1. Report the gain in length on full extension from residue 133 to residue 100: 0.36 nm times residue separation, minus Cα-Cα distance, nm rounded to one decimal.
2. Relative contact order for region 31-185: what is it in percent, counting Cα pairs under 8 Å that are at least 6 residues apart?
3. So if R0 is 25 Å, what FRET efficiency would residue 71 and residue 34 give, r being the distance between their Cβ atoms, rounded to the nearest 0.05?
4. Within 10 Å, count the other beta carbons around each residue, average over each peptide in 89-100, 62-73, and list them highest first.
5. Using 1/(1 + (r/R0)^6) with R0 = 25 angstrom and r between the beta carbons of residue 54 and residue 143, what's the FRET efficiency to the nearest 0.05?
6. Starting from the Cα of residue 114, move 7 Å in the Cα-to-Cβ direction to define the label point; list residues of region 138-163 whose amide nitrogen is under 12 Å from there.
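We did not get these values from a lab; they are worked out from the coordinates using the rules stated. Note that the coordinates shown come from a computational prediction; the quantities given were computed from them, not determined experimentally. Neighbour counts are summed over all protein chains in view; Cβ atoms, including those assigned to glycine, are modelled from backbone coordinates with ideal geometry.
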């Protein structure tokens with residue numbers, strides 16, 4: 001079947017826009033930190049890991065394409081498993097490793113800001129609360145609670161990207177002390 005010329009031109013004009021579906025759209029001069037939306041497109045844009053689909057599926061999709069493991073590295077994507085509280089899972093990008101069981105995460109669509117979800121948060125405290133110190137269960141700082149949230153989230157692991165993560169991943173002077181206070185005052189890891 002041969003398409004008439006007019007619809008074909010329309011398709012060709014739309015092709016560049018269709019290619020951008022799922023890519024965070026940031027205005028000229030704006031930062032990735034201005035992004036508002038789902039966690040997946042943000043993590044993909046910041047980490048350079050080209051995986052699509054629900055967050056919880058990233059772990060299995062990464063097999064054979066990206067290195068995976070259970071130790072955080074700056075720029076790696078942490079994959080939260082699907083749970084009743086997170087039916088699509090969640091992904092975020094490690095911005096700093098503070099100590100063996102505390103890291104900072106930059107992610108989108110977790111806490112509410114100005115009453116709405118979807119905003120990006122930079123250098124959020126995340127604590128390994130797993131019994132085996134293997135990052136299989138974590139607690140995350142939650143803006144609404146102004147501390148570690150009450151939930152413990154199962155984690156599949158970390159996906160290691162192909163190169164350097166975006167420079168906006170971490171603040172110039174992250175609050176390491178605040179991260180440790182959050183971690184240990186908020187029923188964080190036990191030694």
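1. Details: separation 33, 0.36 × 33 = 11.88 nm, distance 0.86 nm.
Taking 0.36 nm per residue and subtracting the Cα distance, the gain is 11.0 nm.
2. Details: 362 pairs, mean separation 43.1, N = 155.
Reported relative contact order: 28 percent.
3. On the way: r = 31 Å, r/R0 = 1.23.
The computed FRET efficiency comes out at 0.25.
4. Numbers: 89-100: 22.2, 62-73: 14.7.
Descending packing order for the listed peptides: 89-100, 62-73.
5. Values: r = 23 Å, r/R0 = 0.94.
With R0 = 25 Å, the Cβ-Cβ based efficiency is 0.60.
6. none
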